[in-house]
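Q: This is the structure, below, for whatever I ask next.
The values are calculated or read from the model by the stated rules, or taken from the named source; none is laboratory data. In this text the structure is predicted, and so the values were computed from the model without any measurement. Quick reminder, even Gly has a Cβ in these numbers, built from the backbone with ideal geometry, and neighbours come from all protein chains shown.
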Amino acid sequence: MKFTLPELKIGNLIAKLPIVQGGMGVGISLSGLASAVANEGGIGVISAVGLGALRGKINKEVEIEALKEEIHKARVLSDGVLGLNIMVALTNFDELVTTALEEKIDILFMGAGLPLKMPTIMDSEFMQETKTKFAVIVSSVRTVNVIFKTWAKKFSAVPDAVVVEGPKAGGHLGYSIEQLDDPDYQLETLVPEIKAAIKPWSQQFNKDIPLIAGGGIYTGADIHNIMKLGADAVQMGTRFVTTTECDASDEFKQSYIDATQDDITIIKSPLGLPGRALRNSFLELVESGKKIPFSCPWKCLKTCDYQKSPYCIASALLNAKLGKLKSGFAFAGANAYLNDKIISVHELIETIKEEYNLAVCLS
């Protein structure tokens, strides 16, 4: 017997598969990967961070033009559901959000900070008329309630979807070092708690607010298991890195394929947050106390104290994307070591469907 993955409905926005491809910067998920995932029925997500740097110029004007270009390229390549991930911590957050809304992106994912102070374009009237959906990325019940209370007061509206990222995710993590292995903060614990926290808001505003679970979701069986706990969909990033369409360099993808479980490490980012990455010579150099000299053309992150930072994280991630891993490093989820070959997004989605089907049959 064959089972079918359910659709993901976010208001009147419908994705044929309950799979959101995680937004990965700098330059790992651009129009190439996002459009390929959207074409398969999932939600393809472009990461807005560092787009100007990818074009060799670091200023706000270039960032905006680059964002428009990526959205337009993705639209040419796909008529599926396309999203944009914007970090709240970016100093040009307002300009990026405004541009995304003007370009009528299907769905906007906001994380790496609480989206409480939003651009002036987002007043109550706009929120009633816009077709763009809003998804907030959270790590606790408390953050859900803070965001929803603020939005309800400011906009007489609440976000359309919630993404809960557990501590097994790649990149910057919304947890302390101590919480990473604490059972109370694992995704399996958080999903039922956050699902319950969303329910009264859903009732108050008379709309379904789906919960998307991410961080350590790798197989179709993982999707089946987390959805049984209350998730309506999943967010997957790491497994999409080693696809043909992923916008990273071949060297970046190969670093995932070559990685062992022991190579996946927790680092302390210059932003003061823990992050999960693949250990390499660059990170070992930093851990030894070496400061990597750099100049800061503009402070791209609100929380970055560039005068005290041992290295520029934007430059390090850009170098990795370009394959210069001796001068940078790759963020990765806890299961990155399971990636063993490069396949197309279509092949990956078909594999995930088969894994899901098997898991349902065995349950």
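Q: Quick one: residue 274 ticks every box in (1) closer than 30 Å to residue 221 by Cβ; (2) at pLDDT 95 or above except a single one, so which number is it?
A: Here residue 274 clears every test but (2).
Q: Kindly check whether there is at least one residue in segment 307-318 that is over 19 Å from residue 172 (Cα atoms), in a helix (DSSP H, G or I) and not charged (D, E, K, R).
A: No, segment 307-318 contains no residue that is over 19 Å from residue 172 (Cα atoms), in a helix (DSSP H, G or I) and not charged (D, E, K, R).
Q: Contact list please: Cβ distance under 8 Å, first residue in segment 54-69 and in a helix (DSSP H, G or I), second residue modelled with pLDDT under 80, pairs at least six apart or on different chains.
A: Matching pairs, first to second residue: 60/298.
Q: Sticking with this structure for a sec: Does segment 102-111 contain at least one residue that is among the basic types (Lys, Arg), within 18 Å of the chain's Cα centre (by Cα) and not assigned by TED's automatic domain parsing to the domain that holds residue 318? So that I can check it myself, show each step before the final result.
A: Residues of segment 102-111 among the basic types (Lys, Arg): 104.
Then keep just the ones that are within 18 Å of the chain's Cα centre (by Cα); that gives none.
No, segment 102-111 has no match at all.
Q: For residue 121, indicate whether it is free of Cβ contacts under 8 Å to residues at least 40 places away in the same chain, in a loop (DSSP other than H, G, I, E, B) and either outside the structural domain of residue 171 (by TED's automatic domain parsing) or touching a strand residue (DSSP E or B) at 6+ places or on another chain (Cβ under 6 Å) (or both).
A: Numbers: free of Cβ contacts under 8 Å to residues at least 40 places away in the same chain: yes; in a loop (DSSP other than H, G, I, E, B): yes; either outside the structural domain of residue 171 (by TED's automatic domain parsing) or touching a strand residue (DSSP E or B) at 6+ places or on another chain (Cβ under 6 Å) (or both): no.
In short, no.
Q: Another question about this same structure. Of the residues in segment 223-277, how many are of a type in the set (D, E, K, R), part of a helix (DSSP H, G or I) and crowded, with 16+ Cβ neighbours inside 10 Å?
A: Taking segment 223-277 and keeping what is of a type in the set (D, E, K, R), we get 228, 232, 239, 245, 247, 250-251, 253, 258, 262-263, 268, 276.
Add one more test, that the residue is part of a helix (DSSP H, G or I), and what stays is 228, 239, 250-251, 253, 258, 262-263.
Next cut, crowded, with 16+ Cβ neighbours inside 10 Å only: 239, 253, 263.
Adding up the residues that qualify gives 3.
Q: Does segment 33-44 include one or more residues that are touching a Cys at 6+ places or on another chain (Cβ under 6 Å), modelled with pLDDT of 95 or more and closer than 23 Å to residue 252 by Cβ?
A: First pass over segment 33-44, keeping only residues touching a Cys at 6+ places or on another chain (Cβ under 6 Å): 33.
Cutting the leftovers down to modelled with pLDDT of 95 or more gives us 33.
With closer than 23 Å to residue 252 by Cβ added as a condition, the list becomes 33.
Within segment 33-44 (the criterion being touching a Cys at 6+ places or on another chain (Cβ under 6 Å), modelled with pLDDT of 95 or more and closer than 23 Å to residue 252 by Cβ), the answer is yes, since at least one residue qualifies.
Q: Moving on to the next point. Across segment 148-180, what is the number of residues that are of a type in the set (A, V, I, L, M) and in contact with a Pro (Cβ under 6 Å, 6 or more places away or on another chain)?
A: Our first condition is that a residue be of a type in the set (A, V, I, L, M); within segment 148-180, this holds for 152, 157-158, 161-164, 169, 173, 177, 180.
Applying the additional criterion that residues be in contact with a Pro (Cβ under 6 Å, 6 or more places away or on another chain) yields 161, 173, 177, 180.
Residues in segment 148-180 being of a type in the set (A, V, I, L, M) and in contact with a Pro (Cβ under 6 Å, 6 or more places away or on another chain): 4 in total.
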